[in-house]
Amino acid sequence: MRILLLGATGLVGGQILKQALENQSVDFVVAPVRREISSHTKLSAPIIDFDHITKAMLKEWNVDAVICALGTTIKVAGSRDAFSKVDFEYPLAFAKCAKEAGVEIFVLNSAMGADESSRIFYNQVKGRIENALKELKFRSLYFIRPGLIGGERAEFRLGEILGKIVLKSLHYVLPKKLRINPASSIASAMLQAAIEGKEGVEIMTSDRLI
C-alpha cells in the first residue's frame, strides 16, 4: 500500500510516519512538507506550496490512501482565518484532488468535540471539515476524534501542558473519554484505519485511544 501522509512533521503525524515506515503492509509513504525531513528508502517528502494543490500531484504520487494529521491552534496560526486554512482548507483541497485522482480511502485526525454547530470555533471547524469530507463520498472515510493529545510538541502550548498535568493526576478516576490520548495510540489507529480501508464512514472516539 502507498500512503499520502499530511502533517508528517507534527506530533501525531510524526508518529504515523514512524509507524508507517516500520509497517510491512505499507510499501511507500509520500509526505509533502514545507521543509526537509530525514530520508528513508520507503519515503518521498516533496517540499510543496500547500496553497497550490493539484490533481496532477495526486496522480503522480499514485497513493492508495490519504492520512491527514494536519492541525494547529488559533494561537499558533495567528488568526481564525489562518487556523481554518490549516484545519479546513488544506485537508479539503487534498481530499478533493485525491478523490479526482481515484483515491478512495481518507483518514482524518479530527477532535472529540467536532460539531459544525458548536459554539467553540475550534470544534466548528473540525465539524465543517468532517461534513465536507462526507460530501466527497469516499469509499472508506474514517474520523479519529481524540481528546487531549499526549506527547512532546515542537511548539510550546501552555494550555495543553496544564491540562495534561491535571488529567494525569486524575487518570484513573476520569471516564475513559476524558483521559489523555497518547500520540502513538492515535497514530496507530489512523494507520490501521487506512490499511483496513473499511467501507463507509467510521468514527473512533477518544475512549478507544487511551
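Structural remarks
- Residues (closer than 18 Å to Cys97 by Cα and either loosely packed, with under 11 Cβ neighbours inside 10 Å or acidic (Asp, Glu) (or both)) located in segment 36-55: Ile47, Asp49, Asp51, His52
- Any pair with Cβ under 6 angstrom, 6 or more apart, that starts in segment 84-104 at a residue that is touching a residue at least 40 places away in the same chain (Cβ under 8 Å) and surrounded by fewer than 17 Cβ atoms within 10 Å (Cβ to Cβ) and ends at one that is in a helix (DSSP H, G or I) and not polar (S, T, N, Q): Glu100/Lys55
- Complete set of residues in segment 132-166 that are part of a helix (DSSP H, G or I), at pLDDT 95 or above and closer than 24 Å to Ile16 by Cα: Ala132, Leu133, Lys134
- Pairing residues of segment 60-83 that are among the basic types (Lys, Arg) with residues that are assigned to a loop (DSSP other than H, G, I, E, B) and surrounded by 13 or more Cβ atoms within 10 Å (Cβ to Cβ), at Cβ distances under 8 Å and at least 6 apart in sequence or on separate chains, gives Lys75/Arg157.
- Condition met for Val26 (under 24 Å from Ala189 (Cα atoms), of a type in the set (A, V, I, L, M) and part of a strand (DSSP E or B)): no
- Gln24 fulfils the conditions (1) more than 11 Å from the chain's Cα centre (by Cα); (2) surrounded by 17 or more Cβ atoms within 10 Å (Cβ to Cβ) except for a single criterion, (2).
- Search result, residues across segment 84-104 that are in contact with a Leu (Cβ under 6 Å, 6 or more places away or on another chain) and outside any helix (DSSP H, G or I): Ala101
- For Leu108: the one exception among (1) farther than 20 Å from Ser206 by Cβ; (2) outside any helix (DSSP H, G or I): (1)
The values are calculated or read from the model by the stated rules, or taken from the named source; none is laboratory data. All values derive from a computational prediction rather than experimental measurement. Neighbour counts are summed over all protein chains in view; Cβ atoms, including those assigned to glycine, are modelled from backbone coordinates with ideal geometry.
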